[in-house]
Amino acid sequence: MKDKNFYTLPELPYAYNALEPFISETQLQLHHDKHHAAYVNAANAVLERLDKARQAGADMDMKAAIKDLSFQAGGHILHRLFWQNLAPASKAVKEPGGALDEALKKEFGSFERFKKEFSSVATSTEGSGWAALVRCGLTGRLLIMQIEKHNVNIYPHLRILMVLDVWEHAYYLDYKNERAKFVEAFWNIVNWDEVNKRLEALIK
Ligand SMILES: [Fe+2]
């Protein structure tokens, strides 16, 4: 299908070893080159199957195709956001600024309280999943979302400001089964500038 777009695996915005010692080079390379790439390829495969069936006028198991697509595309979209909301360890600042700083303090009382709640959401996600910071367009309030797999429990329509991947594939080489240690390490490499930009784009 020449006239249709497909997903592509983005390059990381930093070197594979840039997140050390919080995420190792081997862990990051495996995560990006194997796991993220697999979601891109699988999402495109579903799109291709849909395109072919439509062209041939053939029936498809639509329930299975759409369920698979939401999982694979969700995996791709969340990983894209994740790489961008991380910063090289040497450049990362420990606290947010701008509108984000204000919004976090207004909603959670303090930055520390927000970190505590977000960490708790991340460590308690059942099985494989994500923790995400989002903003509700109806109330303007910041909310935390727990995404199981790549697509379960989401608040529909809310735009994601920041995500943390807590699938075992994100940390197993570095932290084994100790997800809480990985979540603690995450706070050292958050790209607050990027998260603030995402918020400012929404409240403009
Ligand atoms: Fe992942």
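Electrostatic bookkeeping for L81 treats Lys and Arg as +1 and Asp and Glu as -1; over the other residues with beta carbon under 13 Å from its beta carbon, the sum is +2.
Under a model in which nothing but the beta-carbon of Lys, Arg (+1) and Asp, Glu (-1) is charged, the chain shows a dipole of about 520 debye around its Cα centre. Peptides 105-114, 154-163, ordered by how many other C-beta atoms sit within 10 Å of their residues on average, highest first, read 154-163, 105-114. Radius of gyration over Kirkwood radius for the chain, both on Cα atoms: the Rg/Rh ratio is 0.99.
Projecting the Cα atoms of W187, L81, A201 onto the charge dipole of the chain, computed from C-beta unit charges around the Cα centre, puts A201 farthest toward the positive end. In the context of the full set of protein chains, the chain has a per residue accessible area of 54 Å² (1.4 Å probe). Within the straight-line cut-off of under 30 Å between alpha carbons, the lysines reachable from K181 are K34, K91, K94, K105, K106, K115, K116, K149, K197, sequence neighbours fewer than 8 places apart in one chain being disregarded. Computed with a 1.4 Å probe on the full set of protein chains, the accessible area for I66 sits at about 80 Å². Using only side-chain charges placed at the Cβ, +1 for Lys and Arg and -1 for Asp and Glu, the dipole size of the range 120-204 relative to its Cα centre rounds to 380 debye.
Largest accessible area first, the listed residues R198, R54, R141 line up as R54, R141, R198 when surface is computed with a 1.4 Å probe on the assembled protein chains. If only the Cβ of Lys and Arg carry +1 and only the Cβ of Asp and Glu carry -1, the dipole of the range 75-183 around its Cα centre is close to 200 debye. Membrane-span-like helices in the chain, defined here as complete DSSP H runs extending at least 24 Å along the helix axis by their C-alpha atoms with mean Kyte-Doolittle hydropathy no lower than 0.0, are 62-84; this is a sequence and geometry rule, not a statement about a membrane. Between H150, H169, H79, the GNM of the chain built on Cα springs shorter than 10 angstrom shows H169 fluctuating the most. Keeping the other protein chains in place, figure out the carbon and sulfur percent of the accessible area of the chain, with a 1.4 Å probe. Whole-percent figure for carbon plus sulfur exposure: 51.
The values are calculated or read from the model by the stated rules, or taken from the named source; none is laboratory data. Computed from a prediction, not measured in an experiment: that's the story for all the values here. Quick reminder, even Gly has a Cβ in these numbers, built from the backbone with ideal geometry, and neighbours come from all protein chains shown. Surface areas here come from the heavy atoms of the whole protein model, side chains and all, with no ligands, DNA or RNA. Shrake-Rupley method; radii C 1.70, N 1.55, O 1.52, S 1.80 Å.
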